[in-house]
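This report concerns only the one structure given below.
The values are calculated or read from the model by the stated rules, or taken from the named source; none is laboratory data. Computed from a prediction, not measured in an experiment: that's the story for all the values here. For neighbour counting, all protein chains shown are included, and Cβ atoms are generated from backbone atoms with ideal geometry for every residue, glycine included. Accessible surface areas use protein heavy atoms only, side chains included; no ligands, DNA or RNA. Shrake-Rupley method; radii C 1.70, N 1.55, O 1.52, S 1.80 Å.
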Amino acid sequence: MFKHYFWARMTLRNGIQMLRHWNLRKTWNALATLLSYYVSKYTSMQRHWGYPISLSIEPTTACNLRCPECPSGLRSFTRPTGRLSVDLLEKILADVKDYCTYINFYFQGEPYLHPQFFDLVKTADAAGIFTSTSTNAHFLDDQRAKRTVASGLDQLIISIDGTEQGTYESYRKEGDLSKVIEGTKNILKWKKELGSATPHVIFQFLVVRPNEHQIDEVKQLGKELGVDEVKLKTAQIYDYENGSPLIPTKNEYSRYRQTAEGKWEIKNPLDDHCWRMWSGAVITWDGQVVPCCFDKDAHHTMGNAGEVPFKSIWKSAEYDNFRKQILRSRSEVEMCRNCSEGTQV
């Protein structure tokens, strides 16, 4: 049952680091959230007695790469582009610090393009919250690597989708694998020199057809460099019905399967419940609260955390009605139709 929860996917060392940010109040909130999720799931009646355990907060929508299945890479957003202000983050943290345990400074875009990224991390760390981010690692020069380690960032996810340049750039368009390797080495060097256990460094390998033959190689590369963990991730494909050259041939690494008629469908049964709707939310750079990271264009905005207290948004009738819709018929929600939540990867 615990496959749903982000802490179940952590290593022991990273779990211990998470506990540093835990307290009795957050424990009670987590239990209330968990209980209300299961009551809602099994009765199909929306109940929520807690507040989010985790949040994704977007530093910026800007990105230096042009990945083909990413709105940032495609420059295809319909919502405004920009970057998060420290003042807005401070307001959000004042509202959520008593119950939120984990903040991922990522939604769309490349976080290190934010000129005050380290201030964002330090602000959340000072509020007693576990911090994480995901990066393409093109900006981890020696100085930024040192500042990353010194900032208090707990977890650093580095996207590395190939073990040689040709494979890497087949998805990470305009990317340079040598910068990813160099940035990783810089982070690991400064962890050692500063005697820091953080950030926990994860190599994240997005499995697509052009790189699926390098899964063992990326695991070996991670071991050689000394990263803490190598994780495989399945790829979301927007127009998958007629197939895609990015869909892996290895079935266990694909979110999709081919039907007898030759079309493609998502493996997810889209059961009428979703842990994410009870455990967390996403906040865009300009404060829009959306229920899930699959809502990349913020079509389901529940309110603005810069204008009203987050608690008011979380407990609003609009949010409750959205959760009721998930419990009633998740497959009718457009963003859910291409969702991996609930599938085994």
Study note, to complete from the structure: Probe 1.4 Å, heavy atoms of protein chains only: per residue, the accessible area of segment 246-345 in Å² is 45 Å²
Study note, to complete from the structure: Per residue, accessible area of segment 79-237 with a 1.4 Å probe, heavy atoms of protein chains only, in Å², comes to 38 Å²
Revision key, fill the gap. In whole angstrom, largest first, the equivalent ellipsoid semi-axes that the Cα gyration tensor gives for the chain are 29, 27, 19
Review point. Taking the alpha-carbon centroid of each part, what is the distance from segment 135-166 to segment 299-337 in angstrom?
Key: 33 Å
Check your understanding: When you take every Cα atom in segment 104-217, what is the radius of gyration, and what is Dmax, the widest Cα pair distance, in Å?
Key -> 14.3, 43
Practice item. Mind pulling the per residue volume of the convex hull built on the Cα atoms of segment 67-118? Å³ is fine. Key: 113 Å³
Revision key, fill the gap. Expressed in angstrom and ordered largest first, the alpha-carbon extents of segment 273-318 along the principal axes are 29, 22, 15
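Can you compute the helix-only [θ] at 222 nm over the chain? Use -39500 (n - 2.57) per DSSP H run of at least 4 residues, normalise by all residues, nearest 500 deg cm²/dmol.
Calculated at 222 nm, the ellipticity per residue is -10000 deg cm²/dmol.
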Revision key, fill the gap. Full extension between K189 and R20 adds, at 0.36 nm per residue less the Cα distance, a length in nm of 58.4 nm
**Study point:** Where only C-alpha atoms are counted, convex hull volume of segment 176-229 per residue in Å³
**Key:** 76 Å³
Practice item. Please give the contour-minus-distance gain from D98 to W49: 0.36 nm per residue of separation, less the Cα-Cα distance, rounded to one decimal in nm. Key: 16.2 nm
Review point. In whole Å, how far is the Cα centre of segment 213-236 from that of segment 180-205?
Key: 15 Å
Practice item. Take the alpha carbon gyration tensor of segment 190-345, find the square roots of its eigenvalues, order them as a ≥ b ≥ c, and report rounded if a/c is under 1.5; if not, report prolate when a/b exceeds b/c, else oblate. Key: oblate
Check your understanding: Using a Gaussian network model of the chain with C-alpha springs under 10 Å, which one of L270, L65, L35 is most mobile by mean-square fluctuation?
Key -> L35
Check your understanding: Excluding D161 itself, what net charge comes from residues whose Cβ is under 14 Å from its Cβ, given Lys and Arg +1 and Asp and Glu -1?
Key -> +1
Practice item. Would you kindly find the accessible area of S331, with a 1.4 Å probe and non-protein molecules such as ligands, DNA and RNA excluded, rounding to the nearest 10 Å²? Key: 50 Å²
Review point. If you project the alpha carbons of segment 119-169 onto the principal axes, what extent comes out on each, in Å, largest first?
Key: 42, 21, 12
Revision key, fill the gap. Share of accessible surface on carbon and sulfur in segment 152-306, whole %, 1.4 Å probe and ligands ignored, is 47 percent
Revision key, fill the gap. Computed for the chain: size of charge dipole around the Cα centre, +1 on C-beta of each Lys and Arg, -1 on C-beta of each Asp and Glu, debye to nearest 20, value 840 debye
Review point. Under 25 Å from the Cα of K191, which lysines turn up, not counting those fewer than eight places away in the same chain?
Key: K122, K146, K179, K219, K223, K231
